[in-house]
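Report on the following structure.
Derivation of every value follows stated rules applied to the coordinates shown; laboratory data play no part. Only a predicted model underlies this, so the values are computations on that prediction, with no experimental measurement involved. Counting neighbours? That spans all protein chains shown, and the Cβs are built from the backbone with ideal geometry, glycine included.
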Amino acid sequence: LSAEAQRVIDEIEEKDVDFLRLQFTDILGTVKNVAVPATQAEKAFTDGIYFDGSSIEGFVRIQESDMRLKPDPETFAILPWRDGRSARLICDVIDTSTGEPFEGDPRTVLKRVLDRAEEMGYTVNVAPEPEFFLFEEDEDGRATTKTNDAGGYFDLAPKDLASDVRRDIIYGLEQMDFEIEASHHEVAEGQHEINFEYDDALTTADNVGTFRTVVRAIAAQHDLHATFMPKPIPKINGSGMHTHVSLFDEDGNNAFHDEDDEFNLSDTAHSFLAGVLEHAPAITAVADPTVNSYKRLVPGYEAPVYVAWSDRNRSALIRKPAARVPAASRIELRSPDPSCNPYLAFAAIITAGLDGIEEGLEAPDPVRENIYEFDEEKREEYGIDTLPANLGEAVSALEADEVIEEALGEHVYEKFIEAKTQEYDEFRIDVSQWELDRYLETY
Ligand code: GLN
Ligand code: MG
Ligand code: MG
Ligand code: MG
């Protein structure tokens, strides 16, 4: 047993934990659990826990379904909503036929990308800004789209009725070792944002999964439904998950910072940014992976539509936030939404950026005007492309992008495209309420 694993076992005994939830995610980003009695902890750390992967989304074919979970002791946390008797451990998935990390495990995909960054001399820091809605439940406990407050951006009580819930969510997150930086009511009614401190990309991806679980569980205790669906209500802001990225070098300095640059961004940062712009369409398929994601990516609701960057305005895909200290120099990608699989989304973004560095790409000039107001001619003049307009277009862009294909690895790439093509086809043949309202009586 490693010292870290022993420390976890001691803590399990000390705190009288009864159950361990061994967690991993499927390709769609859904957190899966295998619960074992805490008495199995030692065995879990030494031998791993075997499970049948054949029914997990995109994992394996039936004939090769045995998988082993290998818990990462660094991820031990006691779940605050189970009387402190249950804890979780995030696991790597091991393919029992080879004994190697399973290539269909999103966590393995991200780790491989981070290994590449390390070979290039970098560690990658990521901070997300997940937004979500709190909705009332109906009498049967089912989610509605009725918000429980009418607050707006940064409103305070008494209008912000949901601040109690948000406070409880924050307590829950803090109990699970989150460093909360800020939380506020978002622009839309019933919409919230909670920011937590940046960390290395793997820890942050783990944190996003935990975040979604905690937010939903604590909202449910208040009889509210928390949703990370990107655009639950038309004609008001949707929910994004802006993603801030920076690279640190081996001396622990921010490789994105350059005092002498007009934007305080180093050549490395400019090239990274250029790589992300170049691969933006394919990244969108992974970072905005649902049919509904594209209802958010429309002009006028603070969500990006155009492939450009800016040091000023928020209509661009990438923003350079003001940084108070060199360590805080970073870029903010504004397309991801909280329905994404964070491991895969970060893997795609980071790979695109590293590729930009390796290719020595140069970033275009920033755009300082409101791009929502540009017409097509002006966009052409500035050389600004448009993000995919729907999931079908995004999947086509992913199919055409070999760099992002390599980022995801063959297994995940194929399964992801298969699942998303099917999802889009189902949507395409459906007839919506909008169409009935518009045409049924007119024609
Ligand atoms: N909700 C917006 C989005 O969809 C972001 C709003 C904001 O954080 N300023 O990305
Ligand atoms: Mg924010
Ligand atoms: Mg926000
Ligand atoms: Mg932001």
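Ordering Arg438, Arg379 by the number of other Cβ atoms within 10 Å of each residue's own Cβ, fewest first, gives Arg438, Arg379. Put in line by how crowded their Cβ is, counting other Cβ atoms within 10 Å and starting with the fewest, His279, His192 read His279, His192.
Could you calculate the FRET efficiency of Arg7 with Val187 from 1/(1 + (r/R0)^6), where r is the beta carbon distance between them and R0 is 45 Å, rounded to 0.05? Computed FRET efficiency for Arg7 and Val187 comes out at 0.55. Taken along the Cα-to-beta-carbon direction at a fixed 7 Å, the label points for Asn33 and Ala322 span 4.4 nm. With 32 Å as the limit on Cα-Cα distance, the pairs of Lys70/Lys231; Lys378/Lys415; Lys32/Lys295 that go past it are Lys70/Lys231; Lys378/Lys415.
Taking the fewest neighbouring Cβ atoms within 10 Å as the starting point, the ordered list for Glu362, Glu136 is Glu362, Glu136.
Ellipticity at 222 nm from helices only: DSSP H runs of n ≥ 4 in the chain, each -39500 (n - 2.57), divided by the residue count, give -11000 deg cm²/dmol. In the frame of its principal axes, the stretch 306-440 has Cα extents of 55, 40, 28 Å, reported largest first. Simple spin-label estimate for Glu377 and Val431 gives 4.1 nm between the two label positions (7 Å along the Cα-to-Cβ direction from each Cα). Considering only alpha-carbon pairs that sit under 8 angstrom and 6 or more positions apart, the relative contact order computed for the chain is 15 percent. With the convex hull drawn over the C-alpha atoms of the stretch 32-91, the volume per residue is 93 Å³. Applying both filters, DSSP loop and at most 10 other Cβ atoms within 10 Å, to the trypsin sites (Lys or Arg not before Pro) of the stretch 5-62 gives Arg61. With a Förster radius of 41 Å applied to the beta-carbon distance between Asp140 and Glu402, the computed FRET efficiency rounds to 0.25. Extent of the chain along its three principal axes (Cα atoms, max minus min coordinate, largest first): 66, 55, 48 Å. Semi-axes of the equivalent ellipsoid for the stretch 237-326, computed as √(5λ) from the eigenvalues of its C-alpha gyration tensor and ordered from largest down, come to 27, 14, 11 Å. Multiplying the residue separation of Glu14 and Glu358 by 0.36 nm and subtracting their alpha-carbon distance yields 118.9 nm.
Here the stretch 16-134 is treated as a sphere whose radius is the Kirkwood value from Cα pairs; by Stokes-Einstein at 10 °C and 1.306 mPa s it diffuses with a coefficient of 101 µm²/s.
Taken over the alpha carbons of the stretch 195-254 as equal point scatterers, the Debye sum produces base-10 log I(q)/I(0) values at 0.15, 0.30 Å⁻¹ of -0.64, -1.24.
Between Ser315, Thr98, Ile78, the Cα set farthest toward the positive side of the dipole of the chain (charges on each charged residue's Cβ, about the Cα centre) is that of Ile78. Which of the three applies to the stretch 343-405, rounded, prolate or oblate, going by the alpha-carbon gyration tensor with a ≥ b ≥ c and a/c under 1.5 meaning rounded? Oblate. Normalised size of the stretch 164-216, defined as Cα radius of gyration per 2.2 N^0.38 Å with N residues, equals 1.11.
Scanning the chain for long hydrophobic helices, with DSSP H runs required to stretch 24 angstrom or more by C-alpha along their axis and to average at least 0.0 on the Kyte-Doolittle scale, returns 201-221.
With distances taken between every two different alpha-carbon atoms, the stretch 375-443 has a Kirkwood hydrodynamic radius of 14.9 Å.
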